[in-house]
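Here's the structure, in structure tokens; my notes come after.
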Amino acid sequence: MQAIINTKLILEDSYVWDGAVTFENGRIVQCGKRAEVNIPADAELIDAQGLYTAPGLVDIHNLSLIHIS
């Protein structure tokens, strides 16, 4: 299992400033506040301090609301 820690999560309806994501075999297992995510002691940690993570299929770049004449 791997875990991204110390990241700013961009979720569909909110942001989590001290976030973590665990994943295994290319699939997300859990994501949320670092204090609430269960990270196994033997997980490979990826420190994403100062970076943003958009887990899953979240479109973080969307210009659909911009009207161009």
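The values are calculated or read from the model by the stated rules, or taken from the named source; none is laboratory data. Fair warning: this is a prediction, and the values are worked out from it, not measured in the lab. No Cβ is skipped: glycine too gets one built from the backbone with ideal geometry, and neighbour counts run over all protein chains shown. When the accessible area is computed, the model is the full protein with side chains, heavy atoms only, and any ligands, DNA or RNA have been set aside. Shrake-Rupley method; radii C 1.70, N 1.55, O 1.52, S 1.80 Å.
In table form, for the structure just shown:
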| quantity | calculated |
| --- | --- |
| Residue within the range 13-23 that is assigned to a strand (DSSP E or B), among the aromatic types (Phe, Trp, Tyr), open to solvent by less than 50 Å² (accessible area, probe 1.4 Å) and within 14 Å of Thr53 (Cβ to Cβ) present | yes |
| Out of Ile46, Ile28, Ile39, Ile4, sole residue that is modelled with pLDDT under 95, out of contact with any Asp or Glu (no Cβ under 7 Å at 6 or more places or on another chain) and not basic (Lys, Arg) | Ile28 |
| Filtered residues of the range 27-59 (kept if at positive phi and either part of a strand (DSSP E or B) or open to solvent by 80 Å² or more (accessible area, probe 1.4 Å) (or both)) | Gly32 |
| Scope the range 1-12; condition closer than 15 Å to Tyr52 by Cβ and of a type outside the set (D, E, K, R); matching residues | Ile4, Ile5, Asn6, Thr7, Leu9, Ile10, Leu11 |
| Count - residues of the range 1-12 that are open to solvent by less than 50 Å² (accessible area, probe 1.4 Å) and charged (D, E, K, R) | 0 |
